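The values are calculated or read from the model by the stated rules, or taken from the named source; none is laboratory data. Note that this is a predicted model, so its numbers are computed, not measured. FYI the Cβ positions are ideal-geometry reconstructions off the backbone, even for glycines, and counts take in every protein chain you see. Heads up: the accessible areas ignore ligands, DNA and RNA and are worked out on the full protein's heavy atoms, side chains in. Shrake-Rupley method; radii C 1.70, N 1.55, O 1.52, S 1.80 Å.
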Amino acid sequence: MKITIITICYNSAATLEKTILSVAEQSYKNIEYIVVDGNSNDGTLELLKKHQDTISQWVSEPDKGLYDAMNKGIAMATGDVIGILNSDDTFYSKTVIEQIAGFHATTTIDASVGNIMQHSARGKVVRIYSSKYWTPEKLKIGFMPPHPSIFFKAALFQHYGKYEMGFVIGADYELITRFFLKNKIVWKYSGITTTSMLVGGLSSSGTASYKLITKEIQKALLMNGISFSPLKIQFRFFWKIIGFIKKW
């Protein structure tokens, strides 16, 4: 089984090498590693050239943003299963892809969903973001599993499409809604902690970001014909606290 890992980046020289090395160190060797760069000018290209033994394919050119770059990587992919590794993240351990390959080989699924570990810039563990109690129904109240923990069969993108371009930070929510809730793909919780992820990013940057992702969650659900309560989505932080207490 070939596993494709896609990293998208732009001016990521400060963090990208750790990301690349975490792929190089994987115990599983049938990995296709694709890097899609948005025409960086900070030394990122030198890193890509330096690590050509690890990187299967890379491209550096202007793009239309995050999700356009992801779609480029998916179009380039030739693996059986596809996962995303952000340019400031690393795999949680050297055996992550070996575990993922084993999990997909022993069960008939379209996608596996796992966990990620979130840490601060100083390396302190802030949170283990787990999908153990997640179900697709929770998309209706604003909850999705951690995107980097999901590994998709490549055929899903051919059957149901790639990332929609009409979103700023919510196209991953829309794709997960389309795959898991609208088209009811076969999935399973893997229990695998896949990624060590730096806290921050577009979807966790304060009040303005919260308002934007709230709007885009509702847009994603409407696009896919899913009934939902706008009030529950608006106050999803409250439901999340209850969820942690109840362990639902």
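Some notes on this structure:
- Cβ separations smaller than 8 Å between residues 6+ apart or across chains give the following pairs from segment 43-69 residues that are more than 23 Å from residue 165 (Cβ to Cβ) and modelled with pLDDT of 95 or more to residues that are open to solvent by less than 70 Å² (accessible area, probe 1.4 Å) and of a type in the set (Ser, Thr, Tyr): 44/12; 44/60; 45/60; 48/60; 54/33; 55/33; 56/33.
- Against the criterion of being part of a strand (DSSP E or B) and surrounded by 16 or more Cβ atoms within 10 Å (Cβ to Cβ), residue 35 qualifies.
- Test for residue 87: is it closer than 25 Å to residue 169 by Cα and crowded, with 17+ Cβ neighbours inside 10 Å: yes
- Residue satisfying all of: in segment 126-151; more than 18 Å from the chain's Cα centre (by Cα) and at pLDDT 95 or above; most open to solvent (accessible area, probe 1.4 Å) among these: 137
- Among the residues of segment 157-183, those identified as open to solvent by 70 Å² or more (accessible area, probe 1.4 Å) and either touching a residue at least 40 places away in the same chain (Cβ under 8 Å) or under 20 Å from residue 65 (Cβ atoms) (or both) are 162, 164, 165, 168, 182.
- Residues in segment 95-125 that are open to solvent by 70 Å² or more (accessible area, probe 1.4 Å), in contact (Cβ under 8 Å) with a residue 24 or more places away in the chain and farther than 18 Å from residue 81 by Cα: 121 only.
- Within segment 1-23, the set of residues being surrounded by 15 or more Cβ atoms within 10 Å (Cβ to Cβ) and either aliphatic (A, V, I, L, M) or in a strand (DSSP E or B) (or both) comprises 3, 4, 5, 6, 7, 8, 9, 13, 16, 20, 23.
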